[in-house]
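Report on one structure; see the data block that follows.
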Amino acid sequence: MVINRWLNSVAAAGKHLMRRSPQEKEGIAALCKQLYSNKGEALGIALADEVARAYSTLDPEQKTAFFHTLADDYNPDPELIHQCAEAYRDSHSLSAYRSLARAIESPRQTLFRRINMAPSGTRTVVSMREDLLQIMTDDDALSAVDDDLQHLLSSWFNPGFLKLKTMDWHSPAIILEKLIEYEAVHEMQGWDDLRRRLDATDRRCFGFFHPALPEEPLIFVEVALVPAVSRSVQAILAPHDGEVDQQSLNTAIFYSISNCQNGLRGISFGNFLIKQVVMQLKQELPQLQHFATLSPVPGFMKWLNTIRFDESQKVISEDERSKLIALDTPGWHLHSSDEALKVLLMRLCAHYLLLEKREKAPLDPVASFHLGNGASIAGLNWLGDTSSKGLEQSAGILVNYQYDLDEVEQHHEQFFNPGEIACTPAIRRLLTAQP
């Protein structure tokens, strides 16, 4: 990229200036201090590059110490905030407001912005947050650092800066390798599996990319074009031969959505991705009438195992608890023809999706994501995913979340205002189903 070549040349010029100073090699904390106080462009880019390089050499213990330095040494000045707040309260002037805004902003944000000047700055800041999130599981004192990183990254990775790209078998090998590496829903079994998903007239793959990370997908979605709503992911992933009648394909199934960058956790791209993909598919294939997912229920079995062994719960009876013992037998799905078990599990999955909440949102993260985007629950599919992961997560049940373009906005508003979950009458009836 032209901008990266320019940044590299400026960084090289800045390093020449640094070599003319009688400086010894310094640690990352000292480099950050210089970078924060520096005003010159060339030297600033050179220092940012040095910080990025220094960070890449740190071991986990050194990274933890570095983040604590950021937490301790780069906080806003409470006294200055108080003075500026008093001045703004007295004058309500624009200059007082600007002074207050500058005082409130954390010095860490200034430092991270300057690190971002390095040729690899954006990648470094994303990596910092990825490392920080791992460290924070045992250290809440660093949450202020994460707040600043998430605030900046949310701005830098605003959907307006992202580019939607179609990926196929002829995409650069480095990107194809990343698809295999980052696939998070249905693991790819090597290059042949990847080719089946990309090199077919009834398959598509779309991803968001950022100009600063041109070879790194941020999120990607795999799409199957089919003549009817799919009920089994194994059917989608299986090899298939022969010509496909393009005019018979009236449904797009989003069967896998993978977030690729752990450092961007909590920064949502998926809702924008799906909506842009729908528009692009409609433009390419006007005959498409239905857009739906074939989604896992990743929290279902964890929740079910909790209530199975909780004698105080009221969701299942003792008789139903005994029926669920069948799930403890390996390969139960291959041998069970027990209609009562099927009806029970489908009822419990509907209960989990519709009634189990965390702060008014569905307990299941995938349900919360799609329903918040304006989708509705259109179907539950018995043994829709018979892989070991599918059985372990959701007893093999998959969900069709339907994106009805005429109702998406209404569903979105109803989900966030009264907290209503859109679903078909058939899904509601599952709540009271009996064998």
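Values in this text are rule-based calculations from the coordinates and carry no lab data. In this text the structure is predicted, and so the values were computed from the model without any measurement. All Cβ positions, glycine included, derive from the backbone under ideal geometry; neighbour counts span all protein chains shown.
Just a few scattered comments:
- Of 297, 223, 399, the sequence from fewest to most neighbouring Cβ atoms within 10 angstrom is 223, 297, 399.
- Here the contact order of segment 282-435, divided by its residue count and restricted to Cα pairs under 8 Å and six or more residues apart, works out to 33 percent.
- For segment 298-346, the equivalent ellipsoid built from the Cα gyration tensor has semi-axes of 19, 13, 10 Å, listed from largest to smallest.
- Backbone N atoms of segment 355-378 closer than 18 Å to the 7 Å Cα→Cβ label point of residue 433 belong to residues 355-356, 377-378.
- Over the chain, Cα pairs under 8 Å with separation of 6+ residues give a relative contact order of 11 percent.
- Net lengthening on full extension, residue 335/residue 89 (0.36 nm per residue, minus Cα-Cα): 81.2 nm
- Signed unit charges on C-beta, dipole axis of the chain, positive-most listed residue 263, 401, 312: 263
- Residues considered: 267, 236, 257. Largest GNM mean-square fluctuation over the chain, using C-alpha springs under 10 Å, is found at 267.
- Computed over the chain, the range of Cα coordinates on each principal axis works out to 80, 55, 45 Å, biggest value leading.
- Segment 243-308 versus segment 392-435: alpha-carbon centroid distance in Å: 15 Å
- Top of 277, 244, 51 by mean-square fluctuation, Gaussian network on the chain, Cα under 10 Å: 244
- Mean separation of Cα pairs under 8 Å and 6 or more residues apart, divided by the residue count, gives segment 160-293 a relative contact order of 25 percent.
- Averaging the Cα positions of each part gives two centres, and for segment 112-150 and segment 64-94 these lie 20 Å apart.
- Along segment 398-403 the Karplus relation, 6.51 cos²θ - 1.76 cosθ + 1.60 evaluated at θ = phi - 60°, assigns HN-Hα couplings of 10, 10, 9, 8, 9, 9 Hz to successive residues, with x for each Gly and Pro.
- Separation of the residue 65 and residue 305 label points, Cα + 7 Å toward Cβ, nm: 3.9 nm
- Using a Gaussian network model of the chain in which every pair of alpha carbons under 10 angstrom is joined by a spring, one finds that among 266, 374, 390 the greatest mean-square fluctuation is at 266.
- Cross-link partners for residue 39 among the lysines, with Cα-Cα distance under 21 Å and sequence neighbours closer than 8 places in the same chain left out: 15, 25.
- Fully extended contour minus Cα-Cα distance, from residue 313 to residue 163, at 0.36 nm per residue: 49.2 nm
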